[in-house]
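Chemist: Supplied in C-alpha cells, the structure appears directly below.
Laboratory data are not the source of any read-out in this text; all were calculated from the coordinates shown. Computed from a predicted model, the values in this text were never measured in an experiment. Neighbour counts are summed over all protein chains in view; Cβ atoms, including those assigned to glycine, are modelled from backbone coordinates with ideal geometry.
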Amino acid sequence: MTLLPAGHILGSAQVLVEREGKRLLYSGDFKTGVSATAEPLAYASCDVLIMECTFGNPRYRFPPRDEIVQRLCAWAAQTLDEGNVPVVFGYTLGKAQEAMKILADNGFALCAHGSIMRLLEIYKKAGIEFGNVEQFRATTPLTGRVLVLPPNARKTRQVEKITNKKTMYLSGWAVDSSLRFRFGVDAALPLSDHCDFDGLVEYVRRIEPRKVFTTHGPPEFALYLRAIGFDAEPLKK
C-alpha cells in the first residue's frame, strides 16, 4: 500500500493498493489544479479506480485560478478601502488556510478564528507562512485586516457585533449564483479544494483505469465516463 499526494489539502493522500500484479487506487478527496497550501496531485496508473466526483456535473466548471485569486483580492481591497471589514468564510481545515495564504501573499494582514489558528500552526510546521495574522477575539482591532472564519461562525454574537462588515463565502458550490442568498452573505466565490467537472475527467483520462467506481457525487458522472469510453459505474453501498 502506497500513499500518494491528493492535492486536496495539506497532507491529503490517495491510497494505491497493489496485490498479485493488480493495482487499485482510491482517490479520496482530490484536486488536479494548483494549490497554495497542498502538495500537487500525483497520478498513478491502476486497474481499478475508486474516485470521488463531488462536482461531477458539467455545470460545475470553475473560473481559472488566476481569476479567482484576483477576484478575492480585489473584493478584500475594495472592502477595506470603503472602511469596512472583509469577512471571509471557509472550512476550518483546508479552505481557510488556502484563502489566508492567497491573501497573505498579496499583502493583506489577517485575523482568524481560534479553530483556524490552531490548524495554522500545523501548516507553519510544514513551512507554509501566512504573514501578519492575529487571532480573532472580542478585543482584537479589525481595522485594516481581513477576518477569516469558519462557516458556523456566521450567526455568532461576536460576528454580528461587527456592524461594518462585508461577507464572502468560499465554496465550489458558488458556481450557483443562488448560494450567496442561501447563506446570507454579500458575495460568494468558487474557490474549491476539489476538482471541477473538467478536472475529474482529466484525472480519469490521465490514469486510464480499466474499471472506475464513482462515489460522493452525482451517479450521472459514471454515465458520462461510459460515454467517452471508460467502464464506469457508481459505487453501491
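Chemist: With +1 assigned to the C-beta of every Lys and Arg and -1 to the C-beta of every Asp and Glu, and no other charges, what is the dipole magnitude of the chain about the Cα centre in debye, to the nearest 20? Numbers along the way, then the final one.
Modeler: Numbers: 30 positive and 26 negative charges, 135 e Å.
That gives a dipole near 640 debye.
Chemist: Shifting gears a bit: Please state the relative contact order of the chain as a whole percent: Cα pairs under 8 Å, 6+ residues apart? Don't skip to the end; give the middle numbers.
Modeler: On the way: 475 pairs, mean separation 59.9, N = 237.
Here the relative contact order equals 25 percent.
Chemist: Return the sequence-ordered ³J(HN,Hα) values of region 44-58 in whole Hz as given by the Karplus equation 6.51 cos²θ - 1.76 cosθ + 1.60 applied to θ = phi - 60°, using x for Gly and Pro.
Modeler: 9, 5, 7, 7, 10, 10, 10, 10, 6, 9, 3, 9, x, 10, x
Chemist: What's the exposure ranking of Arg23, Arg206, going from fewest to most Cβ atoms within 10 Å? Provide the component values of the computation, followed by the final result.
Modeler: Numbers: Arg23 17, Arg206 12.
The most exposed by this proxy come first: Arg206, Arg23.
Chemist: Hey, in the GNM for the chain with a 10 angstrom Cα cutoff, which one of Thr139, Thr214, Thr163 fluctuates hardest?
Modeler: Its mean-square fluctuation being the largest, the pick is Thr139.
Chemist: Next question. Summing +1 for each Lys or Arg and -1 for each Asp or Glu, what net charge is found among the other residues whose Cβ lies under 12 Å from the Cβ of Val133?
Modeler: Taking every other residue near Val133 into account, the sum is 0.
Chemist: Something else now. Using Cα springs under 10 Å in a Gaussian network model of the chain, which residue among Thr54, Thr140, Thr32 shows the largest mean-square fluctuation?
Modeler: Among Thr54, Thr140, Thr32, the largest GNM mean-square fluctuation belongs to Thr140.
Chemist: Taking R0 as 22 Å, what's the FRET efficiency between Glu18 and Ile228 from their Cβ-Cβ distance, rounded to 0.05?
Modeler: Calculated transfer efficiency: 0.25.
Chemist: What FRET efficiency comes out for Val48 versus Ser115 if R0 is 25 angstrom and r is the Cβ-Cβ distance? Round to the nearest 0.05. Before the final figure, lay out the partial values.
Modeler: Numbers: r = 37 Å, r/R0 = 1.49.
E(calc), rounded to 0.05, equals 0.10.
Chemist: Of (1) 7, 30, 31, 20, 9, 2, 0; (2) 7, 28, 33, 24, 8, 0; (3) 7, 28, 30, 23, 10, 2, 0, which one was derived for P(r) over Cα pairs in 10 Å bins from 0, in percent from the structure shown?
Modeler: (1)
Chemist: Among the listed pairs Lys22/Lys236; Lys95/Lys165; Lys124/Lys166; Lys95/Lys166; Lys31/Lys211; Lys95/Lys125, which are separated by more than 26 Å between their Cα atoms?
Modeler: Values: Lys22/Lys236 22 Å; Lys95/Lys165 20 Å; Lys124/Lys166 28 Å; Lys95/Lys166 19 Å; Lys31/Lys211 20 Å; Lys95/Lys125 18 Å.
Exceeds cut-off: Lys124/Lys166.
Chemist: Shifting gears a bit: Of all the Cα-Cα pairs you can form in region 65-189, what percent are over 21 Å apart? Each step should come with its number before you reach the end.
Modeler: Values: 2525 of 7750 pairs.
Percentage above 21 Å: 33.
Chemist: For Glu202 and Gln158, what does the FRET efficiency come to when R0 = 30 Å and r is the distance between their Cβ atoms, rounded to the nearest 0.05?
Modeler: Numbers: r = 42 Å, r/R0 = 1.40.
Given R0 = 30 Å and the Cβ-Cβ separation, E is 0.10.
Chemist: In nm, what is the difference between 0.36 nm times the number of residues separating Val34 and His216 and their Cα-Cα distance? Each step should come with its number before you reach the end.
Modeler: Working: separation 182, 0.36 × 182 = 65.52 nm, distance 2.20 nm.
Using 0.36 nm per residue and subtracting the Cα-Cα distance, I get 63.3 nm.
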